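K.L.:
My questions all concern the structure below.
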Amino acid sequence: MEMQQFHYDNKIVTKFIYATIVFGVVGMLVGLLLAFMFLFPNLTDGISWLSFGRLRPLHTNAVIFAFVGNAMFAGIYYSLQRLLKARMASDLLSNINFWGWQLIIVAAAITLPLGITTSKEYAELEWPIDIAIALIWVVFGVNMIWTILKRRQRHLYVAIWFYIATFVTVAVLHIFNSLELPVSALKSYSVYAGVQDALVQWWYGHNAVAFFLTTPFLGIMYYFVPKAANRPVYSYRLSIVHFWSLIFIYIWAGPHHLLYTALPEWAQNLGVVFSVMLLMPSWGGMINGLLTLRGAWDKVRTDPVLKFMVVAITGYGMATFEGPTLSLKNVNAIAHFTDWIIAHVHVGALAWNGFMAFGIIYYLIPRLFKTKLFSLGLANLHFWLGTLGIIIYALPMYVAGFTQASMWKQFNPDGTLVYGNFLETVTEIIPMYWMRAIGGTLYIIGLLILVYNIIATIKSGSKVEDELAEAPALERVTKRRTANEGWHTWLERRPVQLTLLATIAILIGGIIQIVPTIMVKSNIPTIASVKPYTPLELEGRDIYIREGCVGCHSQMIRPFRSEVERYDWRANNKQYSKAGEYVYDHPFLWGSKRTGPDLHRLGGKYSDNWHFNHMYDPQSTSSGSIMPRYPWLITGPSSKLDKSQTEAKMRTMVSLGVPYSDEDITNAQQSMLEQGTKIEENLYNDPDFAKNYEANKQYAVENGQEFVEMKNREIVALIAYLQRLGTDIHEGTE
């Protein structure tokens with residue numbers, strides 16, 4: 001049999017590893033800064049682009065798409081070539097994938113702190129960047145499939161099945177969740193509204209976790225764990241069951257993020273059923289990974305690569321046991337909106353993704369540079385610091401979650417809430433936030449040890465950019481199944497059929513859940529009293545989105561006595577949130593965490609002056625608050641409300657079905673002036689406000705500075721929006 005010589009492309013793998021390390025440090029340092037902001041709310045006082053609301057999406061995007069994403073590409077580009085016995089089909093496409101992905105990350109790092117965001121969880125980037133993501137993802141997929149077609153190894157190994165499913169599913173999820181109508185180059189509105197937007201978002205959000213953070217890393221697990229342990233995968237049959245059941249079931253589970261919300265009951269129940277079923281394939285994969293180490297556990301004691309991978313797989317098992325548990329309605333009623341969810345997410349991210357990434361870095365760098373790891377001792381120190389960091393981070397967050405859930409739901413014998421002031425809960429869990437910051441610090445110290453160890457390893461070796469390999473050419477065989485060939489064995493040599501079947505498997509659940517919710521009007525009962533936002537309220541809502549308020553405040557009062565009592569302040573008309581209230585919300589703003597109280601019935605509860613003072617100095621109105629100040633909305637040139645796009649925003653909303661008339665759009669500027677003037681007058685009723693306002697006005701005039709009238713400031717638009725919330729619901733509204 002004639003052998004063909006070729007070279008593996010190690011350059012692309014090395015680039016992705018470097019990017020993984022750099023963005024890992026950056027993303028986690030931003031996360032640590034955010035952890036300390038819970039303890040010192042005004043740590044970045046007055047700097048808008050370093051505020052909590054703007055940095056939070058930067059942290060999640062940096063860790064998910066920059067750190068984990070680059071680690072995923074490194075693992076795939078290394079293992080795919082060796083499993084297929086072929087160099088990547090195109091070095092050009094590989095490099096476009098690399099540099100395009102890094103440019104997207106840089107674009108995110110610039111736009112998110114500037115408040116350019118769609119506010120949708122894990123999909124905050126605006127439409128031009130969304131298009132770039134789709135294009136670069138297609139480049140990655142084309143290169144992968146082209147390489148598969150050029151392979152010298154007939155059967156596709158299990159890892160490649162997961163890589164194919166990752167490419168197909170992420171493409172579908174990203175495209176459908178990112179459908180939006182542009183207003184301008186950096187502003188758009190989701191084509192979905194309210195309940196429908198929430199369902200599509202969490203169909204995406206849950207499955208971004210599934211198919212960006214899980215399936216590619218399962219493929220990486222199936223390659224690197226057997227390699228590092230020098231043992232075969234425990235069970236081929238289990239890997240088949242694991243793959244097909246996982247990709248089919250996972251796609252249905254998104255609605256478990258929306259239990260007890262305004263989402264139709266049937267969609268919630270489907271999400272619960274499939275989430276519980278998800279436990280079996282998830283644990284099947286964990287068992288397959290851990291049992292691959294049978295006969296090699298002695299190596300785990302000494303090999304840091306295996307240490308990291310064992311804890312990673314165990315973390316995956318813990319997170320995938322907890323996920324189905326959290327999807328049970330009685331458990332979700334306790335956990336949702338609390339820090340329990342933060343603990344759950346970080347067990348998965350820090351243990352499963354983080355430790356698997358560290359494991360492949362420690363595995364690959366010595367091989368890519370023809371040397372030994374500089375220090376096994378430092379790698380082991382990193383392992384123990386990281387493990388301790390995860391424990392010290394996660395356990396207090398579980399305690400915080402249980403504390404929040406308990407305090408939020410307690411009633412006195414007379415029917416009043418025991419802890420009626422939301423801040424009592426916040427004060428109680430501050431010690432847990434200290435522990436989280438300490439755990440995160442330990443984890444990052446471990447990462448910095450990795451940086452030193454890897455730099456020293458690279459310096460001691462010599463780069464192998466094009467690694468020589470040889471394999472026999474692939475001979476043509478019949479396309480049909482042979483007599484003794486199993487169905488799946490046949491499928492493993494038919495990549496096109498495998499890709500099509502995987503696509504069908506992931507589309508079924510999405511279609512069955514999403515299409516009826518969008519097409520069948522009875523799923524979203526309308527409420528006649530609900531009207532579109534006024535132009536000023538629309539601008540205020542965009543400021544609310546820009547500042548990331550949705551990261552700390554929900555707008556969804558669930559049908560629990562404790563929530564209706566706590567969050568609907570009205571004496572005789574307390575109601576939970578209804579689906580019809582959100583029909584003009586592009587995007588939805590239900591939130592996923594309550595660091596502060598729910599705001600869905602906020603309108604009219606406080607005066608305009610209270611809101612003004614609360615945004616300028618939250619501690620002045622709410623003693624003990626950990627909310628940061630927002631002075632840039634109130635003072636200085638940045639406080640001037642940009643009204644130049646208001647009509648364009650309204651016209652875009654009309655295209656999305658919001659019933660603004662031509663007259664509404666024509667009179668938008670006058671409407672904003674009138675509503676702003678009314679709020680300005682309300683603010684002026686406060687003697688302290690009037691005194692300071694006049695003094696500032698006089699100072700600006702005397703010093704030749706532009707003075708922005710209060711009615712034209714951003715704070716007034718935000719107050720208009722906050723005062724609107726919940727006011728469409730009247731007595732007898734159904």
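The values are calculated or read from the model by the stated rules, or taken from the named source; none is laboratory data. Nothing here was measured: the structure is a model prediction, and the numbers come from that model. Glycine also receives a Cβ, built like all others from the backbone with ideal geometry; neighbour counts cover every protein chain displayed. With ligands, DNA and RNA removed, areas are computed over all heavy atoms of the protein, side chains included. Shrake-Rupley method; radii C 1.70, N 1.55, O 1.52, S 1.80 Å.
K.L.:
Would you mind telling me the antiparallel percentage of the DSSP bridges in the chain, rounded to 5? The partial results should precede the final answer.
P.N.:
Working: 13 of 14 bridges.
Taking every DSSP beta bridge with both residues in the chain, the antiparallel ones total about 95 percent.
K.L.:
Mind listing the phi-derived Karplus ³J(HN,Hα) values for segment 180-193, rounded to whole Hz, using 6.51, -1.76 and 1.60 with θ = phi - 60°, and x for any glycine or proline?
P.N.:
3J(HN,Hα) across segment 180-193, in whole Hz: 8, 9, x, 9, 8, 5, 10, 9, 8, 10, 4, 6, 8, 10.
K.L.:
Specify the inter-centroid distance of segment 115-193 and segment 228-248, based on alpha-carbon positions, in whole Å.
P.N.:
Segment 115-193 and segment 228-248 have Cα centres separated by 26 Å.
K.L.:
Let me ask you something else. How many percent of the accessible area of the chain is carbon or sulfur, using a 1.4 Å probe? Provide the component values of the computation, followed by the final result.
P.N.:
Working: 18220 of 28620 Å².
Carbon with sulfur: 64 percent of the solvent-accessible area.
K.L.:
Once amide H atoms are placed 1.01 Å from N in the peptide plane, what residues at a sequence separation of 5 or more from TYR189, or on another chain, have their amide H within under 5 Å of its amide H?
P.N.:
So TYR189 has HN proximity to LEU181, VAL183.
K.L.:
Shifting gears a bit: With every protein chain present, what is the per residue accessible area of segment 462-592 (1.4 Å probe, Å²)?
P.N.:
On the way: 6000 Å² over 131 residues.
Value for segment 462-592: 46 Å² per residue.
K.L.:
Further question: Reachable aspartates and glutamates from LYS329, Cα under 13 Å, same-chain residues fewer than 8 places away excluded?
P.N.:
GLU265
K.L.:
Okay, moving on. Read phi for every residue in segment 433-442 and hand back ³J(HN,Hα) as whole Hz from Karplus 6.51 cos²θ - 1.76 cosθ + 1.60, θ = phi - 60°, with x for Gly and Pro.
P.N.:
Working through the residues one at a time gives 5, 4, 4, 4, 4, 5, x, x, 5, 4 Hz.
K.L.:
Something else about it: Using the Karplus curve 6.51 cos²θ - 1.76 cosθ + 1.60 with θ = phi - 60°, what ³J(HN,Hα) values do you get for each residue of segment 45-51, in whole Hz, with x for Gly and Pro?
P.N.:
3, x, 9, 4, 7, 10, 7
K.L.:
Given a Förster distance of 41 angstrom, what is the FRET efficiency for ASN685 paired with GLU663, based on the Cβ-Cβ distance and rounded to 0.05? If you can, show how the numbers build up before the last one.
P.N.:
On the way: r = 32 Å, r/R0 = 0.77.
Computed FRET efficiency for ASN685 and GLU663: 0.85.
K.L.:
Hey, if you put +1 on the Cβ of every Lys and Arg and -1 on every Asp and Glu Cβ in segment 51-122, which of LEU83, LEU55, VAL106 ends up farthest toward the positive end of that dipole?
P.N.:
Sorting the options by dipole projection puts first LEU83.
K.L.:
Also: With a 10 Å radius around each residue's Cβ, average the other Cβ atoms per peptide and rank 497-504, 684-691, 315-322, highest first. Intermediate values should be presented prior to the final figure.
P.N.:
Numbers: 497-504: 15.9, 684-691: 12.5, 315-322: 21.0.
Ranked by mean Cβ neighbours within 10 Å, highest first: 315-322, 497-504, 684-691.
K.L.:
Please give the length that would be gained between LYS329 and ARG476 if that part of the chain were fully extended, namely 0.36 nm times their separation in residues minus their C-alpha to C-alpha distance (nm, one decimal). Spell out each step's value before the answer.
P.N.:
Working: separation 147, 0.36 × 147 = 52.92 nm, distance 5.37 nm.
This chain segment gains 47.5 nm when fully extended.
K.L.:
Could you report segment 51-98's accessible area per residue, 1.4 Å probe, as an integer in Å²? The partial results should precede the final answer.
P.N.:
Values: 940 Å² over 48 residues.
For segment 51-98, the solvent-accessible area averages 20 Å² per residue.
K.L.:
5 Å is the cut-off here: which amide hydrogens, built 1.01 Å from N in the peptide plane, fall below it relative to ARG713, excluding neighbours closer than 5 in sequence?
P.N.:
LEU641
K.L.:
When ligands, DNA and RNA are left out and all protein chains stay put, how many square angstrom of accessible area per residue does segment 333-423 have with a 1.4 Å probe? If you can, show how the numbers build up before the last one.
P.N.:
On the way: 3340 Å² over 91 residues.
I get 37 Å² per residue for segment 333-423.
K.L.:
Give, in nm to one decimal, the length gained when the segment between LEU500 and LEU92 is fully stretched (0.36 nm per residue of separation minus the Cα-Cα distance). Display every interim value, and only then the final one.
P.N.:
Details: separation 408, 0.36 × 408 = 146.88 nm, distance 2.65 nm.
That works out to 144.2 nm of additional length.
K.L.:
Determine, from the Cβ-Cβ distance of TRP610 and ASN380 and an R0 of 56 Å, the FRET efficiency 1/(1 + (r/R0)^6), rounded to the nearest 0.05. Walk me through the numbers on the way to the answer.
P.N.:
Details: r = 55 Å, r/R0 = 0.98.
E between TRP610 and ASN380, to the nearest 0.05, is 0.50.
K.L.:
Turning to a different aspect of this structure: Based on a Kirkwood Rh over C-alpha pairs, give the Stokes-Einstein translational diffusion coefficient of segment 614-701 at 25 °C and viscosity 0.890 mPa s in µm²/s.
P.N.:
Values: Rh = 15.9 Å.
The diffusion coefficient I find is 154 µm²/s.
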